[in-house]
Structure formats: C-alpha cells, structure tokens
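The values are calculated or read from the model by the stated rules, or taken from the named source; none is laboratory data. Predicted model only: the values in this text are computed from it and were never measured. Glycine gets a Cβ as well: all are built from the backbone with ideal geometry, and neighbour counts include every protein chain shown. Side chains are part of the model used for accessible areas, which takes the heavy atoms of the whole protein and leaves out ligands, DNA and RNA. Shrake-Rupley method; radii C 1.70, N 1.55, O 1.52, S 1.80 Å.
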Amino acid sequence: MTKRENHVSGAPRRNFYGRIKGKSLHKAQQRYMAEDLDDLKPTGVTWDDNPDRTQIDPTDWFGNDHDIWLEVGFGGGEHMVHQATLNPDVNIVGCEPYINGVAMLLGKIRTAKCKNVVVHPGDARDMMDVLPPASISRAFLLYPDPWPKSRHHRRRFVTQDHLEPLAACLKSGAIFRIATDIEDYVRQALEEVLANGNFEWLAQGADDWRKPWGDWISTRYELKAIRENRTPHYLTFRKI
C-alpha cells in the first residue's frame, strides 16, 4: 500500500515525531507559500514507496556544477540564507517539515534575493533517499530537536538510521557540522557519529567545540539557549 502523500512536499508520509505546523500563518507568509514555494522545491524527484527510490541529479536544480550543501532542519532559515548570501558560488538544499519555518525562510529569501537555494518542505530523510552517492560537500545539523527524555533519544537525528544515509550522500572529505546546546545531545552525537565509522572529529582543543565557526550566524534557537544559560557546542566532523 502506498503511504499517504505529504501535500506540501509531495513525498510520502513516514513516521515523524516533531511539529508540522504551529500558529496560523500571517497573510504575508501565506503569500510566500502560495507564490514562491513551488519555484524553490526540488524538481524531477520521483517520490514513491519503493525502498529503491529513483535518484536524481541535483545539479539540474541549479543549472551549474557548484558544490552542494545540505541543511537538515533549517528552522527559521537564518543560517541557510546567511550561507547562501555569503557563498554565492555554492548551492544549498534545505529541508524542514515545520511549515511555519518554511514560511519564515521564504520571507528571508525574498529579502536577500538569493538564487542558489532549493527548499524541501519535508523530512530530510526523503531528500537523502534520492540524493546520489557522494553528491554533497557539506552538511549542517543546527539545534535539532533535543528529544530530552531517554526513551525518545532514538528519535534524534544522530542515530545510525539517519547517519548511514547522510554518510552515503556526502563526498569524501565533506564537512558535517552539528550545533546544539544540549550536553546529552553532544555526548550522543560524538558516540554515534564516530561509531558510524565514516567520520572523524576535527577538534584539536576545547575552543574547537566551544567557539562557533568563523562564518557562523546565531539563530533564534541559539539566542534562546544563551538567554536561558545553556552553553552552545559546535562539533565539526569530516567524512573519511
């Protein structure tokens, strides 16, 4: 039986435990969704319930062969638009199932007028299903849902169910960045990412995980963490 399709992303529904929608979108956000989203969504993707999903050539989305970066859960889009503007010769694919966050991103894209972005308003797992092996040069996992209860830790992105397909679509030498303010998430990330066997942690000293990257921009999630006296951590891994 084919799974019920996600009406926004076009991908089949799969088990997802986070929020899909929050408060009602205001009129401007509704306009962004109606006018902009379809032009920014990935084209040529065959979403189906077959485990051997048809792979696509993501360079077709951008019309060039520049490096492609992947942001897993872009939140309100601050970081994605910042990187797209800072790196016009890099293409960025952002995934986010939370529709309010997608609407916020679309407003930022309008303001910044960046052209080097593709937006998948759905689960990053669907995107990783169809990305060709070794097609992504950099990946970001920034302030992911912490799932603080121990029984929910298996829902975190830093489990092998997510890390295996991520590793497959990353190029050799690709950088994988994780930012989080949850110490237990840091522990699990280090354990699981290194146990995956495809990554090495690049930290040489404490400042390498205490201080943000040189091209970093604080997101609203980070600013909230700082206000609430939680310490941000910045982990950098490299695909072996």
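Its Kirkwood hydrodynamic radius, worked out from the mean inverse distance over all distinct Cα pairs, puts region 48-151 at 14.4 Å.
Please give the charge dipole size of region 41-188, origin at the Cα centre, charges +1 on K and R Cβ atoms and -1 on D and E Cβ atoms. Round to the nearest 20 debye. If you can, show how the numbers build up before the last one.
Numbers: 16 positive and 20 negative charges, 92 e Å.
For this selection, approximately 440 debye.
Less than 12 Å Cβ to Cβ from Tyr234, Lys/Arg counted +1 and Asp/Glu -1: what total charge do the surrounding residues give? It would help to have the intermediate numbers written out before the result.
Working: positive: Arg177, Arg210, Lys211; negative: Asp181, Asp207, Asp208, Asp215, Glu222.
Net charge around Tyr234: -2.
Note on Asp36: accessible area approximately 30 square angstrom, rounded to 10, probe 1.4 Å, nucleic acids and ligands left out. Extension gain for Asp38 to Asp207 (0.36 nm times residue separation, less C-alpha to C-alpha distance): 56.7 nm. Beta-bridge orientation, the chain: approximately 35 percent antiparallel, per DSSP, counting only bridges with both partners inside. For Lys41, nonlocal amide neighbours, meaning residues 5 or more places apart or on other chains whose placed amide H falls under 5 Å from its own, are Val119. Distant-in-sequence amide contacts of Phe199, defined by a placed amide H-H separation under 5 Å and a gap of 5 or more residues or a different chain, comprise Ile240.
Sorted largest first by accessible area at a 1.4 angstrom probe radius, with every protein chain in place, the residues Glu200, Glu96 fall in the order Glu200, Glu96. Bridgeable aspartates and glutamates around Lys41 (alpha carbons under 19 Å apart, same-chain partners fewer than 8 residues away excluded): Glu5, Asp57, Asp60, Asp65, Asp67, Glu71, Glu78, Glu96, Asp123, Asp126, Asp129. Computed from backbone phi with θ = phi - 60° and the Karplus coefficients 6.51, -1.76 and 1.60, the 3J(HN,Hα) list for region 198-213 is 9, 10, 10, 8, 8, 5, 10, x, 4, 4, 5, 10, 8, 9, x, 5 Hz; x is used for glycine and proline. Summing Lys and Arg as +1 and Asp and Glu as -1 over all other residues whose Cβ lies under 9 Å from the Cβ of Ser137 gives a net charge of +1. Determine the alpha carbon to alpha carbon distance for each of Lys108/Lys211; Lys115/Lys171; Lys115/Lys239; Lys113/Lys149; Lys108/Lys149; Lys149/Lys211 and list only those over 31 Å. Violating the 31 Å Cα-Cα cut-off are Lys113/Lys149; Lys108/Lys149.
For Asp60, the accessible surface of its heavy atoms amounts to roughly 110 Å² (probe 1.4 Å, protein chains only, rounded to the nearest 10). Averaging Cα coordinates gives a centre for region 208-240 and one for region 173-201; these two points are 13 Å apart.
Suppose accessible area is computed on protein heavy atoms with a 1.4 Å probe; arrange Leu202, Leu40, Leu106 from highest to lowest. Intermediate results must be reported in sequence, preceding the final value.
Working: Leu202 50, Leu40 30, Leu106 0 Å².
Of Leu202, Leu40, Leu106, the descending order of accessible area is Leu202, Leu40, Leu106.
Exposed loop sites here are chymotrypsin sites (Phe, Trp or Tyr not before Pro) assigned a DSSP state other than H, G, I, E or B and surrounded by at most 15 other beta carbons within 10 Å; excluding them, the longest clear run of the chain is 18-212. Restrict the search to region 145-224; then list the trypsin sites (Lys or Arg not before Pro) that DSSP places in a loop and that have at most 14 other Cβ atoms within 10 Å of their Cβ. Of the trypsin sites (Lys or Arg not before Pro), the ones in loops of region 145-224 whose Cβ has at most 14 other Cβ atoms within 10 Å are Lys149.
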